[in-house]
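First the structure, in the form of structure tokens, and then the observations on it.
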Amino acid sequence: MISFANQDCDFILKRKTEVKTWIRTILIEEGGKPGELAYIFCSDAYLLGLNLKYLKHKTLTDIITFDYSEKGRISGDIFISIDRVRENALKYSKSFEEELGRVMAHGALHLSGYEDKTAEQESGMRMLEEKYLPAFPNLK
């Protein structure tokens, strides 16, 4: 089951049913079986608190993914800072919807086993984001 929630922000995701189908497609095409997956949209302050508490990082980020996958079922919590998505959209001259889709795909790809710690891994992750982004329902 894929769910969406808010924590410390008032963002409301549009076209939820279609977005769930899109996320399932990413997970399945990358060889996984969708399990319990929660996307939690939050503020910079909330995500910074998680970053400090769990990762010991004192930096703002757009996404933190907690992987709870077991026995081939992809499960996890994906926290997305709506503040960062908005700022990055401006920074990279993208629409808010495109940047949101990119970050949501990024989380699903992390849970599918992809990393972005090296330049090569990051490049591969970007290519996969670009592959899935055109089908993001909020861009249609």
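Derivation of every value follows stated rules applied to the coordinates shown; laboratory data play no part. No experiment lies behind these values; they were computed from the predicted model shown. Every residue, glycine among them, receives a Cβ derived from its backbone with ideal geometry; neighbour counts consider all protein chains shown.
A few points about this structure:
- Fully extended contour minus Cα-Cα distance, from residue 114 to residue 127, at 0.36 nm per residue: 3.5 nm
- Gain on full stretching of the segment that runs from residue 5 to residue 93 - 0.36 nm per residue minus C-alpha separation: 29.0 nm
- Applying the criteria of a DSSP loop state and at most 15 other Cβ atoms within 10 Å to the chymotrypsin sites (Phe, Trp or Tyr not before Pro) of segment 15-98 yields 68, 92.
- The ellipsoid equivalent to the alpha-carbon distribution of segment 1-71 has semi-axes of 24, 17, 9 angstrom, derived from the gyration tensor eigenvalues as √(5λ) and listed largest first.
- Pairs with C-alpha atoms separated by more than 23 Å, drawn from the list 20/58; 58/91; 16/53; 58/94; 33/58; 14/94, are 20/58; 16/53; 58/94; 33/58.
- From its DSSP helices (H runs of at least four residues, each -39,500 (n - 2.57)), the chain gives a residue-normalised ellipticity at 222 nm of -13500 deg cm²/dmol.
- Rounded to the nearest 20 debye, the dipole magnitude of the chain is 220 debye, with +1 charges on Lys and Arg beta carbons, -1 on Asp and Glu beta carbons, and the Cα centre as origin.
- Within the chain, percent of DSSP bridges classed antiparallel, to nearest 5: 30 percent
- Segment 8-140 - convex hull of alpha carbons, volume per residue in Å³: 114 Å³
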